[in-house]
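Computed from the coordinates by the stated procedures, all read-outs in this text should not be read as laboratory data. Nothing here was measured: the structure is a model prediction, and the numbers come from that model. With ideal geometry, Cβ positions are generated from the backbone for all residues, glycine too; neighbour counts draw on all protein chains shown.
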Amino acid sequence: MIHSYEPSKGHGLRHDPFNAIVGPRPIGWISTVNAEGQRNLAPYSFFNAFNYTPPIIGFSSTSLKDTARNIRDTGEFVWNLATKDLAEAMNASCAMVPPEVDEFDLAGLEAIPSHRVKPPRVRSSPVSFECRLTQQFPLLAADGTETPAVMTFGEVVCVHIDDRLLDDGVYQTIAADPILRGGGPGDYFTLSEAAKFVMLRPL
């Protein structure tokens, strides 16, 4: 048996399976400032990398929330790697709070100045990408109508990596212990050496 459904008519399940099927997903833990310099920090699970040269990352917000609005207004943001030891702080930073609330303070996180952009980095995050906005636009449905979702892309203009994650010049993904978003109301995953396998591209 196969459970088939048309999303526009409902999935007929206890919980929408879409984001569990497309997963686990890396987390876009994005720090921004507004035009007045007020700090903001929020995680987004619709996030990924999209280009090598120049390096471009992007995330989708389900609506024009503070993060997307700040990036629209200032043209800058920082991605911070969310790791297992920062999971609780990352979760605290996604609380629905007014724009004037500083999520760095809310989550008990120390900020550190960036080199090329105004938004700060999360000091305890082992990897950060300083980014400049390249594109931002509403996502469209198949019939061309705009959805509330806003897609944001940014070029990475400065990278910060904790030296302990570099082994002979090679970044060690598992050593960073990143957390990945699954489905359901709160499923997350981590990586392990046992789960890794190596497969090179054909020549």
Suppose every Lys and Arg Cβ carries +1 and every Asp and Glu Cβ carries -1, with no other charges. What dipole size does the chain come out with about its Cα centre, to the nearest 20 debye? 380
Under the rule of -39500 (n - 2.57) per DSSP H run of 4 or more residues, summed and divided by the residues of the chain, what mean residue ellipticity at 222 nm is obtained, to the nearest 500 deg cm²/dmol? -3000 deg cm²/dmol
Principal axis extents for region 95-175, Cα atoms only, whole Å, descending order, please. 50, 33, 26
Just how many % of Cα pairs in the chain lie over 21 Å apart, if you round to the nearest whole percent? 57
Mind sorting Asp177, Asp168 by how few other Cβ atoms lie within 10 Å of their own Cβ, fewest first? Asp168, Asp177
With each label point set 7 Å from Cα along the Cα-Cβ vector, what nm distance links Thr147 and Lys84? 3.3
Say we join alpha carbon atoms closer than 10 Å with springs in a Gaussian network model of the chain; which of Thr83, Thr134, Thr53 then has the biggest fluctuation? Thr53
What FRET efficiency do you get for Val101 and Ile56 if R0 is 22 Å and r is their Cβ-Cβ distance, rounded to the nearest 0.05? 0.15
Given 25 °C and 0.890 mPa s, how large is the Stokes-Einstein diffusion coefficient of region 4-90 in µm²/s, with Rh as the Kirkwood radius over Cα pairs? 164
Could you pull the Rg and Dmax for region 159-203, using just the Cα atoms, both in Å? 13.9, 42
